Every structure is written in structure tokens, then in C-alpha cells.
There are 2 protein chains.
Amino acid sequence: MSYIQATYKFPTKVGGTERKAEGIALGMTVGSWTDLTEMDQQQLLRHKGRVVSVTEVEEDSNLFGIAIIEYPTVNFSPDLPAILTTIFGKLSLDGQIRLQNISFSSGLAEQFPGPRYGVKGIRDILGVYDRPLLMSIFKGVIGRNQAYLNQQLEAQCYGGMDLVKEDEILFENELTPFVTRIKEGNRITKKAYEETGHRTLYAVNLTGRSTDLLNKARWANEAGADVLLFNVHAYGLDLLQAIREDEEVHLPIMAHPAVAGAMSGSSTHGIDYSISLGTFIRAAGADFSLFPSPYGSVALPFQDVQNIVSKLSEENVWKPTFAVPSAGIHPGLVPTLVKDFGVDQIINAGGGIHGHPQGALAGVKSFKQALHATLAGESLENAASKHRELKEALQLWG
Amino acid sequence: MSYIQATYKFPTKVGGTERKAEGIALGMTVGSWTDLTEMDQQQLLRHKGRVVSVTEVEEDSNLFGIAIIEYPTVNFSPDLPAILTTIFGKLSLDGQIRLQNISFSSGLAEQFPGPRYGVKGIRDILGVYDRPLLMSIFKGVIGRNQAYLNQQLEAQCYGGMDLVKEDEILFENELTPFVTRIKEGNRITKKAYEETGHRTLYAVNLTGRSTDLLNKARWANEAGADVLLFNVHAYGLDLLQAIREDEEVHLPIMAHPAVAGAMSGSSTHGIDYSISLGTFIRAAGADFSLFPSPYGSVALPFQDVQNIVSKLSEENVWKPTFAVPSAGIHPGLVPTLVKDFGVDQIINAGGGIHGHPQGALAGVKSFKQALHATLAGESLENAASKHRELKEALQLWG
Ligand SMILES: [Mg+2]
Ligand SMILES: [Mg+2]
């Protein structure tokens, strides 16, 4: 049988957990059971939610129930809005409850596309296989003109970044329209590639009305854009999937975590980050998932980040999604990043590049020096003695 | 100047609130300020977020900052995904912070449609002006066939409900396809109207892939559907607006609160219910907004419900949206509902109708008896002495 399993955590009292779990399994599916006729029970059996397991844990003298409930796919259409409504629709409104984990049966998982490219496909585009990729962002984009963006993009391409992404708050505007940003980004990345032999992918922010997104994405595809950045949580997961599945759009998609904290930021309510920035993002088809790193000022707990990365990379029917731990990243963190998240990740720096005492180009160099040393098993201290840019970065950020 | 104002609440330390507020105003717009040249400052001034006010409150010996920040509309396109990303994008990921309130300048508000019909327009359709409307739902829809739904719908139409809505968990399925439900709903409501002179509107659940929604809505419109029920929070607010604005869809829209608890259920994180089920729903164009009543087992705090109702009805450029306090509603609550939320609301009952000792038809009657008595200034006890159905309902639920 095809199904989705959902794990919930909720406050409980000794002995009340099983009953609460049964209440969810029934309330979110057939409504009631014991008062049904035997004939009705037979008819509804394959629709009934099933309590897979129930456990209780004590935390700070509070007792919590953890229940895994299985919902048969016959109850819903194979789309993420139907799944969200089925497993956490009215239940999300029912006091303190946290959706901790979800698990698709393989029959259900196959109905979702997963990433078009995934880690391997993105590496094939770039021709880079043996190291984490390096990504940078712009410094200040609101109210700035195209020449300002171009200048920053050039420095980052010639410096040797693998990816450069726009800010998620850069919308359609007169100074730097979507169309112009794609054309200019294309021109600059192409020129830098021809001159340096290093390829940089430019991620342009796909924004506007939902009903215009596919046409804009098709246009971007046609115009030679590299990657689409998308504020999936401001739009809806199903629109991410629609872009992924559109036959005329073959662009990698970078999912931005903006607004995800609204549903995932609390530890007692809402939906775990491993779902919102992990499972759902991968199922719907993003090639990259950005999330707060565990190191910066806007930081997630380390365990949360590990859970996200695990959901993005664990073996299943979908290609793996590139993990992009973001915010608070500076060159001194590169050994930690590699130790914690391995080679298949994207090291994404903003302030750590633009805040370098010698400017952005030196910032890019310092990251490359730190990465090269780390992969060679060399200490950063040692590498810094040979590279001025890394030395100054370490002096500033440690 | 056109703008949106956002009110945030966050833990703070004495003296740190102003700095935190300034950090938000800059971080969510131009990024930095004091290190900019005077020329840059001139160029960016109209893009800079502005701290409107900062206050501090103590709750349970914890100090909270409350900051109102104003974002100029020049920074974003006039759509809800851009607004969400601008006011709560990366900020939602930044530890404990709650988006408490939002306020559109009139120039911005005019760029959102609000409801097509609103309270007055729905009353015009029904020809009912002087009382709350009565709505009922089905009992158990998953795994049931069309004959089962028809039978329930008939009882509710002939009983005299103003609206009957489907369950939010009823998706496209073989037993009761969308197309059939609309046709059968149409047939039954029409027949009942011809025979009783009482009009019942049937709300059909619009589900499926985002890219199919507008076509399905157009089809429903063409086929004579009455009202579209929509799980807006499982899809995205902008899709609600797209349905509202579609030139070929003239159907009232009923916004279901499913999944809204994921972003609004916590009191410390996420987005206040008055925004998710109030301001946003009205701006995007729903004619009805369902939300948990303050009375049932799935209940919201009374103040939260009042805030939602206030946002749905306060005077502004948009037509008012019908408030639908739901869950836990039985006839004995009708006087309280009318006292708390007035005449312009929808009394929405499920168990309070289907759980009546004498069945659903008696359930419907008991609600009408309670409503009639309440509006006439008669006590329910008095009315119950004359009406058997109400008497039994009060005996059961109080
Ligand atoms: Mg290119
Ligand atoms: Mg009709």
C-alpha cells in the first residue's frame, strides 16, 4: 500500500498518548470508527489513518507524546498542498503540536520529481567534482543600479566563484529589471569564462505574480539564464514543483529559505526545518536548498542543520539536493564546514567576502585558499603564512 | 509615500530594543547605513526601512521589544510573496520573533483586490440581511460515495441551511469527482430552492495542482458552482488572489484555515492569526474566512479571534470578509456568538448538527430555533420549552 507517514510531537499525560494518536488518525481521515456499522468499517478500512507507533519522552519534567501516523494515499491527490492539508491541515490549529518528520512510501515518492540536476548534475555543468562549491552574494542590491551589480558580479566571476546569487529581496524594479539582470549576468559570466576558463553560474531571483512565474521562467531559460533563485515559502511548494516540471524550463532551481522560519522557527509548533527546508524542497525539485548555518548570528541548532542535510542527501528515489548552509560564513569556518557537511555542499559567503579588509576580490581569494588548504589537510594557520588574503581574513574573523 | 508597516515582538534587553529595530529596518532593506558615502545615502534614502516606534513590555519577568518598521513600496513589487519576503523573509529565521500586525498604506492596499462580494454581496446572493448565516458541513466524506454526500446535502438544504461546505480533506477522487460534486450539488440545491424557496449555497473544494486551479475554477464557474472552498495556506496567498482576480471566475471564495497553525500557532514565533486568517485573506480576496472559534476543543484564545474578526471587518479600501468562527459550535452557543461577533458572521456547525440525538435535520432546526430566539431577545430556555429539537440539543451540549 502507498502511504505517507507523519511524526508528531505534542504534550501529553501518562496514558493519554495512545488515545490522542488514535484521535489524529481518525480525525484526519474517516472521522470516526467505533460508531460505524460493520459495513461502513469494511468500506472505510483502506481510508483509515493508522497509528504506527506511540512513544513518550520526558523533557524538563514535561511529558511529550511522539506518534507516527500513516495516511493512505487513496485519501489524497499526489500533490504537496493535498499532503500538507491531510497531515497537518486542521491539526496545525489544534494547540501545541509539532510535525517532526515525514516519510513517503516509494510509490508516493515516485509521483514527485525531485531535482532535475541534483548534486551530480550541477557538478557536471560546472565540471567541478572534488570539492565543495563556492557561492557568493551581492552586497546591497536595493536601490542600486545595474552598473553597481555588474561591478560586483565581475569581481566575483574573475575571482573564481562557482555561483553568485542575487538577494531574495530583489524584486522587479526599474533600476535592475529581471530581463536586464539576466542579460548582463549572462554577458559577464560568459566573458569571465572565456578569459579565465572558470565557469560561474548566476542565480537570478524569479519573482512576481504566481500566474506569471512559468512564463518568466521560460523566458529566462530562453535568454540563457543559469539558475533560478526562488522564494518557495512565500509562494507555495507546489509552484516550485510546477517550475521544476515545466517542459520548457530546464534551469536548476535554488530554493531560498525566506519565510520558512514562520512555520519552522518554533520548536513546539509548526513543521520541522528538516521537512520545510529538506524533504519538501527536495521532493518538489530544488537543486539547491539554502538554510541558516549553525555558526552565524542567524543560526540554527547544529542538530537541526544535520537533519536538513540528511534529508537533502539520504538515498531515495530523488536525486540529492545541494545543501547550502548560509549566513555567518567566513574563511576560518571552512575546515569546520567540511568536517561537518563533507564535500557535497556549497560554501556560501556574503559578509565573509565583501567584508574582507582588502575588498571582495581578496575575500574570494581567501575562501579559495582556505578551501584548498583544508582539502589538502593543511592547517589554515599554515596556509595563512603563505597567503596574505587568508591571513587578513583570519585576523579579522578568527 | 506608499509603504507597509510591520509590528514585531521579540525578546530584548534593557536598552537593546532600539538597536535591534534599527538592525531590522536596515537589514531587510539597504543592508547598512553609517558606512555608506553621503552620495549613497542620498540615493538609498527612499529605500531605507524606517523605525516608526519602539516600546518595551514585561511579561512573566521577561522583557520584550515591540517595534513597528515601515518598508517603502518602492522596494518590492505589489504582490503578497514579495511583501512576505520583504517583511518576514530572512527575519523569520532569526531566532525568536513574532510578526504581530501589518498595515498597508492606502496606496498599497488599492493594489490588492479584497473580496469580490464581501459580506454585503453574499447577503445579496442569498437575500438574507438581518441575521448571521448558518453553515453546515458533511459528516465523514473520505471513502464515501456520491449518494452518501447527496443524502446529507439534501437534509441540510431542506432543513434550511444558508451554506453547506465540503471538508477541506476531500480531494479529487474516484468516488466523488469534483465535476460530479458540482453537478449534483447544483441539482440538489436548485431542487430544494424550487420546492422550499430557501436558497443554499454549496461550497466545493478546489484542489489539485497549482497550475490547474484557474482552469478548474473556470470550469466550476461555467458549471454553475456556488462557492469555491480553498486551502489557501497549503497553496500560497497569491494563488487565492489569482483566483479572485481571474476574469472568468466570478465565484465567492471561502478560505479554509488548514495548515495556518503551522505559521501562527506559536505565540512566540511566526505570524499572528490576525494576519494569516485576517488581513492577508481579506487583501487577497476571500469572501469568507474560517478560523477556530474560541469555544470548542480546537479553540483559539478569545483575543486572537477578536483580532481576526476586527481585521476582516474594519473599514478600509476592501469589502469586509465574512467571519466564520468554526469548531465546537452547538445551538447553546448561539447567544454567545451573536453577543461576541454580531450579526455579520456565519455560524458554522458540524458535530452540532450531525450529532443531534434526532439526526441532522433536527440539528439544523435546533440551530434555527436558537438563532431566531436570540435575535428576538428570547432566552434559549424559553425557546426550548416550545421547540423539541432545541430542547434536546441543550440537554446534550448545554
Ligand atoms: Mg550564463
Ligand atoms: Mg447552485
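The values are calculated or read from the model by the stated rules, or taken from the named source; none is laboratory data. Just so it is clear, the structure is predicted and the values come from calculations on it, not from any experiment. No Cβ is skipped: glycine too gets one built from the backbone with ideal geometry, and neighbour counts run over all protein chains shown. Ligands, DNA and RNA are excluded from the accessible area calculation, which covers all protein heavy atoms including side chains. Shrake-Rupley method; radii C 1.70, N 1.55, O 1.52, S 1.80 Å.
Along the range B:239-248 the Karplus relation, 6.51 cos²θ - 1.76 cosθ + 1.60 evaluated at θ = phi - 60°, assigns HN-Hα couplings of 6, 4, 4, 5, 5, 4, 8, 4, 6, 9 Hz to successive residues, with x for each Gly and Pro.
Rounded to the nearest 10 square angstrom, A:Glu172 shows an accessible area of 80 square angstrom against a 1.4 Å probe. Within the assembled protein chains, the solvent-accessible surface assigned to B:Thr37 is about 80 Å², based on a 1.4 Å probe.
One equal scatterer on each Cα of the range B:279-398, no solvent, Debye formula: the resulting log10 I(q)/I(0) at q = 0.17 Å⁻¹ is -0.82. For chain B, the longest principal axis of the Cα atoms and the long axis of helix B:210-222 meet at an angle of about 40 degrees. The alpha-carbon of A:Lys48 sits under 27 angstrom from the alpha-carbons of these lysines, leaving out residues fewer than 8 places away in its chain: A:Lys9, A:Lys13, A:Lys20, A:Lys90, B:Lys139, B:Lys165.
Helical content alone sets the calculated 222 nm signal of chain B at -12000 deg cm²/dmol, taking -39,500 (n - 2.57) per DSSP H segment of four or more residues and averaging over every residue. The Cα atoms of the protein assembly as shown define a convex hull whose projected area, averaged across directions, is 34.2 nm². Heavy-atom accessible surface of A:Trp219, to the nearest 10 Å², is about 90 Å², with a 1.4 Å probe and all protein chains retained. Relative to the first principal axis of the alpha-carbon coordinates of chain A, what is the inclination of helix A:360-375, with its axis defined by its Cα atoms, in degrees from 0 to 90 and to the nearest 10? Tilt of helix A:360-375: around 70 degrees.
In this assembly of identical copies, the label point of B:Gly224 (Cα plus 7 Å along Cα-to-Cβ) is separated from its counterparts by 5.7 nm, sorted shortest first. Counting Lys and Arg as +1 and Asp and Glu as -1 over every other residue whose Cβ lies under 12 Å from the Cβ of A:Thr176, the net charge comes to -2.
Across the options A:Thr85, A:Ser264, A:Leu300, the greatest Cα extent toward the positive end of the charge dipole of the protein assembly as shown (unit charges at beta carbon of Lys, Arg, Asp, Glu) belongs to A:Thr85. If R0 is 35 Å, the Cβ-Cβ spacing of A:Glu381 and B:Glu38 corresponds to a FRET efficiency of close to 0.30. For B:Asp124 and A:Glu59, a Förster radius of 41 Å and the Cβ-Cβ distance give a FRET efficiency of 0.15, rounded to the nearest 0.05.
Angle of helix B:302-313 to the longest C-alpha principal axis of chain B, folded into 0 to 90 degrees and rounded to 10: 90°. One quarter of the convex hull surface built on the alpha carbon atoms of chain B amounts to 21.6 nm², the projected area averaged over directions. The residue list A:Ile329, A:Leu380, A:Gly127 was ranked by how far each Cα lies along the charge dipole of the range A:117-397 toward its positive end, using unit charges on Cβ atoms, and A:Leu380 comes out on top.
In the full protein context, the range B:3-110 carries 43 Å² of accessible surface per residue, based on a 1.4 Å probe and ignoring ligands, DNA and RNA. Ordered by 1.4 Å accessible area with all protein chains kept, A:Met39, A:Met254 run largest first as A:Met39, A:Met254. Ranking B:His233, A:His356 by solvent-accessible area of protein heavy atoms (1.4 Å probe, all protein chains present), from largest to smallest, gives B:His233, A:His356. Using a 1.4 Å probe over protein heavy atoms, the accessible area lost on pairing B with A, summed over both chains, comes to approximately 5100 Å². Let me know the shape class of the range B:3-110, please: from the alpha-carbon gyration tensor, a ≥ b ≥ c as square roots of the eigenvalues, rounded when a/c is under 1.5, otherwise prolate if a/b is greater than b/c, or oblate. Cα axes put the range B:3-110 in the oblate bin. Sorted shortest first, the distances from the B:Gly355 label point to those of the same residue in the other copies are 5.6 nm; each point sits 7 Å from Cα along Cα-to-Cβ. Here the relative contact order of the range A:230-314, from alpha carbon pairs under 8 Å that lie six or more residues apart, stands at 29 percent.
Remind me, relative contact order of chain A in percent, using alpha carbon pairs under 8 angstrom and six or more residues apart? Dividing the mean separation by the residue count of chain A yields 15 percent. In terms of accessible area, using a 1.4 Å probe and ignoring ligands and nucleic acids, A:Leu149, A:Leu361 rank largest first as A:Leu361, A:Leu149.
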